[in-house]
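The values are calculated or read from the model by the stated rules, or taken from the named source; none is laboratory data. Being a predicted model, the structure only gives us computed values, none of them experimental. Glycine gets a Cβ as well: all are built from the backbone with ideal geometry, and neighbour counts include every protein chain shown. For the accessible areas, the whole protein counts, side chains as well, though only heavy atoms, and no ligand, DNA or RNA atoms are used. Shrake-Rupley method; radii C 1.70, N 1.55, O 1.52, S 1.80 Å.
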Amino acid sequence: QVQLVESGGGLVQAGGSLRLSCAASGLMFGINAMGWYRQAPGKQRELVAVSAFGGFTNYVDSVKGRFTISRDNAKNTVFLQMNSLKPEDTAIYYCVADKELRAVLEGGPDYWGQGTQVTVSS
């Protein structure tokens with residue numbers, strides 16, 4: 001099994017930056033896709049960013065140009081650099097992982113982190 005441990009969430013003013021980290025441990029064999037979901041109260045959970053085999057990355061339109069997903073493969077760690085934060089970015093952010101990119105894209109990854117709160121004040 002895979003365990004995902006997140007860090008880096010917190011409070012930030014609009015226009016500021018945060019860097020989320022997700023350290024994966026356990027049986028990482030076959031894990032080809034990792035990413036970040038977020039969910040705000042009363043809103044549907046959405047995929048924010050994903051990183052997969054071959055350097056593939058993708059982002060939800062609302063964060064393109066502001067967020068960057070990156071990896072440290074040796075440490076099985078995925079990062080989400082969030083710049084120019086907006087109040088609309090306020091949500092619980094979840095690190096996810098799966099052997100299939102498709103599962104992450106379609107909302108059903110096998111592994112989820114505990115979630116970390118990101119709050120952006122206006």
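Quick notes on this one:
- For the set Asp61, Asp98, the ranking by accessible area, highest first and with no ligand, DNA or RNA atoms included, is Asp61, Asp98 under a 1.4 Å probe.
- Solvent exposure ordering (accessible area, 1.4 Å, most first) of Ile31, Ile92, Ile69: Ile92, Ile31, Ile69
- Couplings 3J(HN,Hα) of region 101-108, computed from phi: 4, 4, 5, 5, 4, 9, x, x Hz, in residue order, whole Hz [Karplus 6.51 cos²θ - 1.76 cosθ + 1.60, θ = phi - 60°; x for Gly and Pro].
- Rg ratio for the chain: its Cα radius of gyration over 2.2 N^0.38 Å, N being its residue count, equals 0.98.
- Residues whose amide H comes within less than 5 Å of that of Gly16, counting only those at least five positions distant or on another chain, are Leu85 (H built at 1.01 Å from N in the peptide plane).
- Ranking Phe56, Phe29, Phe67, Phe79 from most to least accessible surface, computed with a 1.4 Å probe over the protein chains only, gives Phe29, Phe56, Phe79, Phe67.
- In a DSSP loop and with at most 11 other Cβ atoms within 10 Å, the trypsin sites (Lys or Arg not before Pro) in region 16-122 are Lys43, Lys64.
- Long-range lysine pairs (8 or more apart or interchain), region 18-115, Cα under 24 Å: 4
- Accessible surface of region 1-104 [probe 1.4 Å, protein heavy atoms]: carbon and sulfur percent: 51
- For region 56-69, 3J(HN,Hα) per residue [Karplus equation, 6.51 cos²θ - 1.76 cosθ + 1.60, θ = phi - 60°, Hz, x = Gly/Pro]: 5, 9, 8, 9, 5, 3, 5, 10, 4, x, 10, 10, 9, 9
- Solvent-accessible surface (1.4 Å probe) assigned to Thr90 amounts to roughly 40 Å².
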